[in-house]
Each structure stands twice: as structure tokens, then as C-alpha cells.
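The values are calculated or read from the model by the stated rules, or taken from the named source; none is laboratory data. Since the model is a prediction, treat every value here as computed from it, not as a measurement. Don't worry about glycine lacking a Cβ; one is built from the backbone with ideal geometry, like all the others, and counts go over all protein chains shown.
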Amino acid sequence: MKKTLLLAMLTLAALAAHAQHFDWVKSYTGNTEYTKIVSSVTDNAGNLYILGCFSQESRIDGVNLCPIATDKQCVLIAKFTPSGEMVWYKPICSSGSHSYAYDIRMLDDSSLMAMVSLALPYDNGYGEYNNLYYLDTLLTGNDDYLMPTNSIASNMYNAFIAFNFDGNVIEQHFVGVGYIDTLGNTLTPNYIGANNSERMYARMLSGQTFNVDSEGNIYVIRATNDYWSALGRLWIINDGTLAALNIMVDGNRSLTYNIPRPTATWNQQILKFSPHFDSIIGDVYIFDSTLNHSGFPTISVSFLDVDDQTNLYVCMGGSQLPSELNLSNSNDLHLTTNTVTSSWMVKYSADLFATHLVKLSHTGETTNLAQSLGIYNTHVDESTNSLFIMGTLKWAADPQNTEGYVLYNGDTVNVDNKSAYWIRLNKDNLALISFGKARSNEETYGITALATSHNRVFSQIKYIGSINFDDTTCVVDNHGMAFAIWDNEGHELEIIDYGNVASQDYAGQINVVDSIVYLTGKISNGQCFGSSTETWEGSQPYISKYVDTSFMTPYIPRDTTHTDPIDTGEVSITLVEGGAALVAYPNPFRQKVTIEVQGGEPLTETAWLTDLTGRREEVRLTPIGSGQYSLDLTSRPQATYLLTLTTADGKQHTIRLLKQSDIFGE
């Protein structure tokens, strides 16, 4: 009888969990080549800030995003409330050059910073100036609004723009790169046969990611196009040697960096700026190699993260590289590569010293090499001192022996072929703690962004065919996307499938605030998000809000060490935290619940009760014996509730309660 009731209770609880829903979804239209969301952040009030690109035809809620006529890619920075209202938006549009969106980061509790690239107004060679609509102002070639025009050596700059939450600009900095040879001559941005756009692009930092630490220092990854490799074009250098970089900030200060030695064209550089870009306080080329490798070697830095101790985590990938790479500024850290594209992550201390190196590789490197092996992103969870890395695995062939892949220290991660995965590491020493995965029968496209909250891991996954996740299998005829949830130990909790999507669609950012999960990406059919959402034609960026009130409280797994509940004569459920147990019975209940503490700290008499609409209220426990308490919920309606209890040591524990009708049989 008890087991039957327990099964019924868990079934009802599972059904109640699916009271979660997509609250709203929005898209913006336009040229599909240019429309995308590249980064997003949230504030403590649950507002969402996005950074992306759009075209002249783009609209959100009927609002035309493009204030000038242009056939170029433009930049969008916008704020959305939890109800889906676009409070403000800031476009950057040029009539003559593309603008690019790279990353957006929180600076503190009241401001954020976006990194973009833009071309300042310039003469196109025909006596005409391109126009630039910058945030709320139209600029022409005669305007000195951004910086003195006579300081502009090249019109393409990286812009770092800080906003408050109302969309007002707090400060802005425009950063470019100049070059000096060993004779002290300033090099002009001329290439053999290069066109104007290439000359402009070479003067940017051209980094595609940045971050800011708790002290306000700014880290930028600089793509080292010191020796332009496209189409075999080279810089015109007067004496044949590049001696120094001149980092130009706002046209009124030059930060000179002497290059210690020539570097390979594919190398990357980390620059650490003081707050407000007043000085360069640290720098390092990632690799010390000066080899001119055959072919077209590349390195791409996909993500840069920073923790509370100002440690950096840099995710990279490369192809056609030298067989061995030595890390600069490290204690002899190096990695070996093969003909397959490699992915790795480097941890740096605050002084840019490389302390740890992670590389993912197949356990049998000589056979069945990975066709796709990615570390796309990292996520720091300070509350659990964890570092998550994420990506996808696909072998060139589908071998019978699916041993999986290993970390650099030899810990095996049993991830099957064609899986999206995340790996959780100890943030201090990068030792393996746990991992989670979702496997497709055809192909997954990886976890490119991840969020954590209250012992849960959240991500989006794109797949082909079907995807296996615990007891749930999502099946599509072509391409599909899903929103997946694990606990921190990698146990699969739930997956919400969007349905059919197109091959060019992709899963993007994910942000979690209390009960809200914001999902962004690109998808073809808005109906995939539920019957109450809007629909659209073509592949367009989406911004979606998913709600589940259980996300507001810690997820605590059931105690699986006991096969039968405690014999109370009624149904009970046992929750374990730190070896202690809480037992609530009966559950389901009709009027009162008894709560028992076993082997742990006593409870405070104040508790919190949350229903699945998100309403939260304080309730009082009545002590009825040693470690026993009673909670009277007679006046509450029939529903599923989350009860958050606090022990004397300040730790919180949440249990799910199911209240039945007070009248038997009703």
C-alpha cells in the first residue's frame, strides 16, 4: 500500500512539475544572414539584456530597429523586462561598413558593458562620408562626437560601451592598434593588394570576447593579425621588423607594448587593461611558438571567463597547428596536437601566469579520432566552487567500443559518441567532479552556453534524429532543439523539446534568475514554444521566457539508499543533505504535515511556502517533540507546494508537498 501511494505521489508531483510553461517568446525579423543574438546577461530584478546583430528590415514588436538606410550588418543592445516588454534599445548602424557585436558583461549591480566593432565616419574615396548612427545620435564625417577626427589613423575600432540599467551611457572607449618598426617609424595600414576594408579591420584589437574582473580590470583577447595572412598579403614594414604595438585609446592616449620577439601569425594575445583603459597592466602571448607552419594554421578563442579571485579561463580551438605547442608564461605546460581539430582550456592567474591546461582527446588517439571535439564555453559557479566546461563529441566513425574521452589528468569521462556534454571541475585544481550528457542517434551540436542555479544545470541542445535523456526520448524528422536540466552530479532531471527546426537554426544563450529561464538562439517556427506564443516565418532570432517556481529553491535528490519509506503508517519522502535526513509525512496530505529531523540540526520555526504560481509566504512550524514539528495547512487550497525549511546552522532544505482535498472522496 505504501509503495502504491508513493508511486501515486511521485506521479502527481511529476505532473505538477509540468505546470511549468513558456510564458512568452519574441523574435525579430530581417536578413537571416545578419540577424542573431550573440550574448546576454540578466540583473537581479530578472531583466534581460541582449547584444546581437540585425539588418535594415529588422523589427521587434513592430518597432523598426534600423534608423538609417543601410545594407550593412548593424548592432543591437536592448533591455527586456520579465513580462517581455522591450524597455529600451540602442542601435549602431553604418551606411558604409558592417558593425559587429562580440560580448556583453555585467560590471556591477547597476551597470553593464558591451564590446562591439564599428567604423567611424570616413571618406569613402569618392568625396562622400559614410554615416554612423551610434546609439541615439546620427554622426557624419564632420562630427567630433566620439573622438577628435584628426586622431583617427584607421576608422575601424573596438568600442567598449558601459550602460546603466536605464540605457544611459556611463562611459565609452574606442580602442585600436598601431604598429611601430625597429626604426621608430609608424607603419601605415597598407598591404600588398589589400583593399580598404582589410586595412580598417587590421587596426582593431579584433578580439571576439572580453571580460571584467571584480576590480574593474578589463581582459581582451587580441587576434594577432600583425602579419596579415589572408591571400598571402603582408604588412609593408620599412626595415622588415615589427618592434612594438601602439594601443590607441580614444584618440588621446597611446599605450605602447614592446613585442619581445616575432610571433606566429596564428598566435593570440591576452591584454589586461586597468579600469577605464588607462594603462596596460598585463599581457601575454598564449603560445611561445614562432614556427611558420605549413598550410593555414588557425587558433580561435571562443570564450574568456573570470572568477571572483580574478583567475581567467580561456577556451580555444585550433587546426593545422604545429605538433607541439608550449604555453608562454607557464611552468613548462605544453600540449601535443594531431591532424584533427583540437580544443583546450587554459587557466591563468591574475598576473596572466598559466597554471593549468585541459585538453579533451579520445582514449585511443590512434583510431577513430574525433571529427568534432569541442570546448565551447566555461561557466564559473562560485557557490559550489565549480567550473563547468561544455561542448560536443562526434567521432569520424561510429566504433563499437565507446570508451569516451579523457581529461588531461587521465580521469575518464564516459561520454558516448554524438553527445552534447558538460564536465564539472573543482575550480581550484580542475579535478573532475561530475559530468552530464545527452546523446543523439545521429548528431548533437553541443552545449554552447550553460547556467547553474540551486544544484541544477541548465542548457539548450540542438540535435538530429532523436535525443536520449533519462527515460525521455525526443524524436524529430529533421533537426530539433531542446532545453535540458540536470542536477550538479549529472543526473538527468527533465528535457523540454521544441520540435522541428531547420538546419541553419541553433541554440544560443541561457540565463537563469529565480524561477525564470531566458533562452535565446535562432529558430524557424515559433509554435515550437507552445500554443500561446507567436509564430513567424523564416529562421529568426528568438528570445523566450520559461517559468518554473521550483527553480527558486535548491534541488535535493531523494535518498536512494532506502528502498522503502519510513514506517509511519502513511506515505513519506526522505530528503538527504550532508548525511542528515528530513522526513515529511503524510505526503500527499489533507490538513497537517509532520516534519521529522533525523541526525541533523534542529529546524527554525519559520519556514517558507511557495505555490507553483510563484506566490511565497511565511509559515510557522509547531514543535511537537524532539526533532519533530507540525505544519497546519488546512486553509490552503488543494495544490502542490514547495516548503523551504531552515536548520539552526543556516542551511536551507526544500521539499515538495502535495495537498489533497480536505473532504475525502472529493
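Looking at the range 485-566, what strands (runs of 3 or more DSSP E) fall wholly within it and have at least 2 residues that are modelled with pLDDT of 90 or more?
506-513, 516-523, 540-547
Please identify the pairs in which a residue from the range 624-641 that is farther than 21 Å from Gln20 by Cα has its Cβ atom under 9 Å from the Cβ atom of a residue that is β-branched (Val, Ile, Thr) and loosely packed, with under 15 Cβ neighbours inside 10 Å, counting only partners at least 6 apart or on another chain.
Hits for this filter: Tyr629/Thr622; Ser630/Thr622; Ser630/Ile624; Leu631/Thr622; Asp632/Thr622.
Looking for something in a loop (DSSP other than H, G, I, E, B), at pLDDT 90 or above and either hydrophobic (A, V, I, L, M, F, W, C) or touching a Leu at 6+ places or on another chain (Cβ under 8 Å) (or both) - is there at least one such residue anywhere in the range 276-285?
For the range 276-285, residues in a loop (DSSP other than H, G, I, E, B), at pLDDT 90 or above and either hydrophobic (A, V, I, L, M, F, W, C) or touching a Leu at 6+ places or on another chain (Cβ under 8 Å) (or both): present.
I'd like to check something: does the range 294-303 contain any residue that is surrounded by fewer than 20 Cβ atoms within 10 Å (Cβ to Cβ), part of a loop (DSSP other than H, G, I, E, B), modelled with pLDDT of 90 or more and not basic (Lys, Arg)?
Scanning the range 294-303 turns up no residue that is surrounded by fewer than 20 Cβ atoms within 10 Å (Cβ to Cβ), part of a loop (DSSP other than H, G, I, E, B), modelled with pLDDT of 90 or more and not basic (Lys, Arg).
Cβ-Cβ under 8 Å, sequence separation 6+ or interchain: first residue in the range 47-70 and farther than 30 Å from Ser110 by Cβ, partner surrounded by fewer than 20 Cβ atoms within 10 Å (Cβ to Cβ) and hydrophobic (A, V, I, L, M, F, W, C). Which pairs?
Once the first residue is farther than 30 Å from Ser110 by Cβ and sits in the range 47-70, its partners that are surrounded by fewer than 20 Cβ atoms within 10 Å (Cβ to Cβ) and hydrophobic (A, V, I, L, M, F, W, C) give Ser55/Cys66; Gln56/Cys66; Gln56/Ala69; Glu57/Cys66; Ile68/Leu138.
What pairs come out if I take residues in the range 478-502 that are over 13 Å from Arg456 (Cα atoms) and pair them with residues that are of a type in the set (Gly, Ala, Ser) and not in a strand (DSSP E or B) whose C-beta lies under 6 Å away, six or more apart or interchain?
His479/Ser503; Val501/Ser524; Ala502/Ser524; Ala502/Ser539
Of all residues in the range 454-489, count the ones that are buried (at least 17 other Cβ atoms within 10 Å of the Cβ), more than 17 Å from the chain's Cα centre (by Cα) and small (Gly, Ala, Ser).
2
Since Asp61 meets every condition but one in (1) more than 23 Å from Tyr518 (Cβ to Cβ); (2) charged (D, E, K, R); (3) more than 23 Å from the chain's Cα centre (by Cα), which condition does it not meet?
(1)
Can you work out which of the residues in the range 593-625 that are among the charged types (D, E, K, R) and surrounded by 13 or more Cβ atoms within 10 Å (Cβ to Cβ) is farthest from Thr640 (Cα to Cα)?
Step by step, filter the range 593-625, then rank; the result is Glu601.
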